[in-house]
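Structure record follows, encoded as structure tokens.
The values are calculated or read from the model by the stated rules, or taken from the named source; none is laboratory data. Computed from a predicted model, the values in this text were never measured in an experiment. Counting neighbours? That spans all protein chains shown, and the Cβs are built from the backbone with ideal geometry, glycine included. Side chains included, ligands, DNA and RNA excluded: accessible areas come from the protein's heavy atoms. Shrake-Rupley method; radii C 1.70, N 1.55, O 1.52, S 1.80 Å.
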Amino acid sequence: MTRGRFIAFEGGEGAGKSTQAQMLAAALEAREIACVVTREPGGTPGAEAIRQLLLGLDGEGWHPRAEALLFAAARSDHVERLIRPALEAGKWVICDRFVDSSRAYQGGAGGLSDSDVLALHRVGSGGLLPDLTLLVEVSPETAAQRTRARDGGDADRIGGRDAAYHARVAAAFARFADAEPARFARIDGNRDAEAVHRAVLGALDAFGQAL
Ligand code: Z5A
């Protein structure tokens, strides 16, 4: 049995990751390639419960290190119970956010060191990395317009952090992509969804993951 491919979408809120994950899954299914679409934080019952703790908690919220541990714990359950078994069964896994989100949000923007975030990932998830990470990048104006149209101004605990925090997240993602060109493709997400989807398929092709 050939192992499946592990593809992650990354980027800021409103970049269009979930839309592109669904469009890629439809393209795979049209080619009769079995795939699983999942998300972080979440993807398993345990990780979805941790998602509620992370994004829904009222009051003072989590200290940055506690937040990083909770994301790593959710990911650990997700990797062991869903991602690895699906890959071993030969399915493609399309994941809406993965460890690079922890590196960008809890690391680059939140103040933890990259090596600490990666150490938690080694302990929790054996250091599993995607075969390809598609970084969907949009301007802050595009992101704000899309999330406003969808949520009417409501944001979760992390999405609601200030513009400087989100600018640090975007800068961190760009640094990771530039540092690891063999694993990342940067996609301009400001275009309409079909044009972004074509760029996603082009990136898969260029990375030798052609459909
Ligand atoms: N987080 C973290 O801190 N550390 C971690 O390790 C992980 C996560 C894994 C999860 O939020 C939060 O957790 C997130 C990071 C943090 N907070 N922030 N910021 P989430 O899962 O609830 O939400 P999100 O990941 O930020 O995604 P999102 O807001 O749903 O955005 P998206 O998936 O990138 O976008 P979308 O849902 O595909 O599209 C948004 C809207 O735009 C929607 O109405 C679409 O129909 C529309 N759209 C999409 N694409 C287009 C194009 N191309 N043109 C026009 N309109 C479009």
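Points worth noting:
- Region 1-148 - accessible surface per residue (Å², probe 1.4 Å): 44 Å²
- Region 6-206: antiparallel DSSP beta bridges as a percent of all, rounded to 5: 0 percent
- ³J(HN,Hα), Karplus 6.51/-1.76/1.60, whole Hz, each residue of region 160-167, x for Gly, Pro: x, 5, 6, 4, 5, 4, 5, 5
- For the chain, a Kirkwood radius taken over Cα pairs fed into Stokes-Einstein (10 °C, viscosity 1.306 mPa s) yields D = 92 µm²/s.
- By the equivalent-ellipsoid construction on the alpha carbon gyration tensor, region 106-166 comes out with semi-axes of 28, 15, 11 Å, ordered largest to smallest.
- Separation of alpha-carbon centers, region 143-211 and region 1-40, rounded to whole Å: 14 Å
- Here the 3J(HN,Hα) profile of region 142-150, calculated from phi with Karplus coefficients 6.51, -1.76 and 1.60 at θ = phi - 60°, is 4, 4, 5, 4, 5, 6, 5, 5, 7 Hz, Gly and Pro shown as x.
- Projected label points at residue 205 and residue 150, each 7 Å from Cα along the beta carbon direction, are separated by 2.7 nanometres.
- Summary of packing: across the peptides 173-184, 125-136, the per-residue average of other C-beta atoms within 10 Å ranks them, highest first, as 125-136, 173-184.
- Around the amide H of residue 39, modelled in the peptide plane, lie the amide H atoms of 96, all under 5 Å away and 5 or more residues distant in sequence or on another chain.
- Dipole of region 109-211, positive end: most advanced residue of 128, 155, 189 [Cβ charges, Cα centre]: 155
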